[in-house]
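Step one of this worksheet: look at the structure below.
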Amino acid sequence: MISYFKKSLSILFLLSSLISFNTINAQCFEIESILVDACGSPEGENEMVRFKVSTTALNTSNISVNWASANTWLGICQNTTSANIITALNNTITGCGVLIEPTGGILPANSNVLFLTSTAIDVSANSFANLNDTLFVIFQCAGNTQGHFANGSGSGTRTLSISFSSPSGCTDIVTYDKTPLGNSDGASVSFNPAGNPTYFNNGCQAAFIPTDITANILPSSTLTICPGDSINLFGTLVGPIDSLLWSGGFGNFNTPKNDTTTYFSSINDTLPFYIIINGATTCSAGVSDSILINIVPKPNISILEGTLIDVCNGTPITLNANGATNYLWSTGETTNSININTPSNYFVTDTSNYCYPDTAFIQVNITPQLVITLSESGPIDICQGQSITLHANGASNYIWSTSAITDSITVNTADTYFVYGGGVCPSDTDSVVINIILPINLNINEGNSLILCLGNTLTLHTTSNGNTYSWNNGSNFDSLTVNTIGEYWVTASNNVCPNVSDTINIIDDIIPSATIIGSTVFCVGTSLVLTANGIGNFNWSNGETGNSTTINFGQQIILTAANNCGSSVTDILNITEEDCNIETGIIIPNVFTPNGDSFNDVFKVEGVNITSIVGSIYNRWGLLLYEWSGIDNGWNGENYNEGTYFYIIKTTFINNKTEQFKGSILLLN
């Protein structure tokens, strides 16, 4: 800030020189400054000279120039090209100033004039943005591209001479040393009324004095303050500024309208704020500058471990302070963290904040170690598919080897389970082993039932993964020998899983019986199927077994039925073959007259190759009235009234074919 202040003082000195010139009009015009090293290329088309007309107007047609270089004077050009340049430059001005060409080439009395070295100027090379004044602009005709002045390395002076032929003797000559200008764009020189040069560089700024203002603090002050502190301020002014006003913050300025003042901050200045200096100018917006004032923040020192902490006996702990840059602990240490292992009240103070004192406190207590136990002691056997709940004791928080954090867990797999007590101190632990036992399987190998032959014994065997057995007769072995019929069951246990039982029924053997079902006659060239009826294991005399056999020729067939204990019975059937191609037929009359005339007195069936007849007579209500059998027999109708009666006739032919006939017969006396 000190070097900045010196620069501001030099600018103030230049401003005061320019202001003193504006009050002295010793001749018809005065050269005020030269833009020696202009921005833009070629340089000779972008250089500028600023001068001020005295109390008498001047005509640009009378001007002539001797440049500070070998360039020749090309005269003044005021035409369409120059007018377009003026328009383009005015469009770049953001201040309240304006550039105009002199009407008829006449520069008014007391006017400020900007002399451009070419109508080929680059309008974007040198800024007119901050122009806040009215400048009359004249142009040398285009043609010179080399610089009209000199600067850079090497020593030597350069001289510029401008003359007006009227009034007589209207000439101003200025001389400068090129060495101090250096080689940078924007190198300029200004002259006081006595012609003394001042060297400066405003960068790519056109040759006019922009209005500006800068806020500064004195070296005795700082930009970071505590609420209630004061700040010594001053403003650096450039160009015409009509009045000043300082503002900002919640505090007060002792001289708010002077270029130097003192700001007295308020206790309400708790956040960063700007102090602003405003300069009123002919422009409605004026000029202003500001400086940021930082407020020392209120400290918020804290101990990261909180205000209360439990420490395990004999276990060191680190306390960490936060919120400051410098610390002082109650132990005398000045680091941001300390290691302790004894209970006490500790505090730490922020020694870096000179505005506010702040202290944080913490109470450190000793916590006893937890003793963790499980309600269930092991090892514990559980049956596969079952579960068991384990319960922890001795703490308020737990963590299990399964990652559960409850005081109990339910498990159903084999493992060693651990539980730890949750707390600040190293935890005690307890564990239990859980084994999984397979469910019991049990089978009586002999099945669900078994035959016991008279006078014999049977031994029943089991297959099981159980380790104890209990039969319903009191036996505790894995096998049992029985000699009586009845139901026997056994229960297996492994003392963990549910008991399992199996049952077998010991029964007497069956009493065998055998009957052959089927015809005794069959047609030649065909076959006959006989069926066994009865109880037992069936064997046929033709070598077949099972419930049926097929006969293909006449023979005596024997069926034997046997049981498991060796008892058996037989049945015998004689099978004959017959020629079934013999013609058969039957004649059944539909009327008979039992009147004793020996003609048609009996209802009788006749036929061909009939071997047997069975007949039945029914009245109209289905009541059986008469039955007969035999080929030569029939119904004589005695003692029955005339009327219609019904018959059922069953016949068997010589080929063993049987048929049944139904119909009605009319009885007439």
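The values are calculated or read from the model by the stated rules, or taken from the named source; none is laboratory data. Note that the structure is a prediction, hence the values are computed from the model and not measured. Please note: Cβ atoms are built from the backbone with ideal geometry, for glycine as well, and neighbour counts cover all protein chains shown. For the accessible areas, the whole protein counts, side chains as well, though only heavy atoms, and no ligand, DNA or RNA atoms are used. Shrake-Rupley method; radii C 1.70, N 1.55, O 1.52, S 1.80 Å.
Laid out as a table, the results:
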item	result
In segment 287-308, the residues that are part of a loop (DSSP other than H, G, I, E, B), touching a residue at least 24 places away in the same chain (Cβ under 8 Å) and either over 22 Å from ASP358 (Cβ atoms) or hydrophobic (A, V, I, L, M, F, W, C) (or both)	VAL296, ILE301
Residues satisfying the stated conditions in segment 637-660, i.e. surrounded by 15 or more Cβ atoms within 10 Å (Cβ to Cβ) and on the phi < 0 side of the Ramachandran plot	TYR640, TYR645, PHE646, TYR647, ILE648, ILE649, THR651, THR652, PHE653, ILE654, ASN655, LYS657
Tabulated pairs, segment 375-386, first under 13 Å from VAL496 (Cα atoms), second small (Gly, Ala, Ser), C-beta under 9 angstrom, 6+ apart or interchain	ILE382/ALA414
Neighbours by Cβ (under 8 Å, 6+ apart or cross-chain): first from segment 37-58, closer than 20 Å to ILE209 by Cα; second open to solvent by less than 40 Å² (accessible area, probe 1.4 Å) and part of a helix (DSSP H, G or I)	ASP37/LEU181; LYS52/PHE21
Members of segment 116-167 found to be assigned to a loop (DSSP other than H, G, I, E, B), closer than 27 Å to THR94 by Cβ and either of a type in the set (Val, Ile, Thr) or open to solvent by less than 20 Å² (accessible area, probe 1.4 Å) (or both), listed by number	THR117, SER118, THR119, ILE121, VAL123, ALA125, ASN126, PHE128, LEU131
Any hit, segment 316-324, residues being open to solvent by 70 Å² or more (accessible area, probe 1.4 Å), farther than 30 Å from TYR274 by Cα and part of a loop (DSSP other than H, G, I, E, B)	yes
Residues that are surrounded by 12 or more Cβ atoms within 10 Å (Cβ to Cβ) and in contact with a Cys (Cβ under 8 Å, 6 or more places away or on another chain), drawn from segment 437-495	ILE437, LEU438, PRO439, ILE440, ILE451, CYS453
Inter-residue pairs, beta-carbon under 7 Å, first part of a helix (DSSP H, G or I) and in segment 64-90, second open to solvent by less than 40 Å² (accessible area, probe 1.4 Å) and hydroxyl-bearing (Ser, Thr, Tyr), 6+ apart	THR81/THR119; SER82/THR119; ILE85/THR119
Which numbered condition ILE665 misses (of (1) buried (at least 16 other Cβ atoms within 10 Å of the Cβ); (2) of a type outside the set (Phe, Trp, Tyr); (3) part of a loop (DSSP other than H, G, I, E, B))	(3)
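For every residue, the table says whether it meets (1) of a type in the set (A, V, I, L, M, F, W, C); (2) closer than 30 Å to ALA392 by Cα; (3) touching a Phe, Trp or Tyr at 6+ places or on another chain (Cβ under 9 Å); (4) open to solvent by 80 Å² or more (accessible area, probe 1.4 Å).
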{"position": "THR331", "(1), (2), (3), (4)": "no, no, yes, no"}
{"position": "ILE338", "(1), (2), (3), (4)": "yes, no, yes, no"}
{"position": "VAL348", "(1), (2), (3), (4)": "yes, no, yes, no"}
{"position": "PHE361", "(1), (2), (3), (4)": "yes, no, yes, yes"}
{"position": "GLN369", "(1), (2), (3), (4)": "no, yes, no, yes"}
{"position": "ILE372", "(1), (2), (3), (4)": "yes, yes, yes, no"}
{"position": "SER377", "(1), (2), (3), (4)": "no, yes, no, yes"}
